[in-house]
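Working notes, structure below.
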Amino acid sequence: METKDSYSKKMKAKFDELNDKWQIERKKLEGRAQHAKVEVKKKFEEQTELLKKNREKMTQKLSQIDHAGEDSWKDIKKGVDTAWQALNEAIKKARSHFD
């Protein structure tokens, strides 16, 4: 059975890894965006803003888990999993404008 601490550590590690990868990829995509059409640049900027919001939401959810009691953290886990999926989708959408 997964504990609150093990789940929190696992998700924070995944989030940190994703953030590191995104920072590298974002720079590459921004370089491509400079040479893209105006519509593509605009879509990329919109997706980047959505991604930022999803990253903030994920950070908030992880903080909620840290502050939750042993009995209530499982209720928050579902929100973390949902935030994680939304974050991954936002990254895929940001990438899709250049594939």
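The values are calculated or read from the model by the stated rules, or taken from the named source; none is laboratory data. Given the structure is predicted, the values throughout are model-derived calculations rather than measurements. All Cβ positions, glycine included, derive from the backbone under ideal geometry; neighbour counts span all protein chains shown.
All conditions in (1) exposed (fewer than 11 other Cβ atoms within 10 Å of the Cβ); (2) over 14 Å from Ala94 (Cβ atoms); (3) not small (Gly, Ala, Ser) hold for Leu62, with the sole exception of (1). Of the residues that make up the stretch 36-55, is at least one more than 11 Å from the chain's Cα centre (by Cα), modelled with pLDDT under 85 and not in a helix (DSSP H, G or I)? Yes: the stretch 36-55 contains one or more residues that are more than 11 Å from the chain's Cα centre (by Cα), modelled with pLDDT under 85 and not in a helix (DSSP H, G or I).
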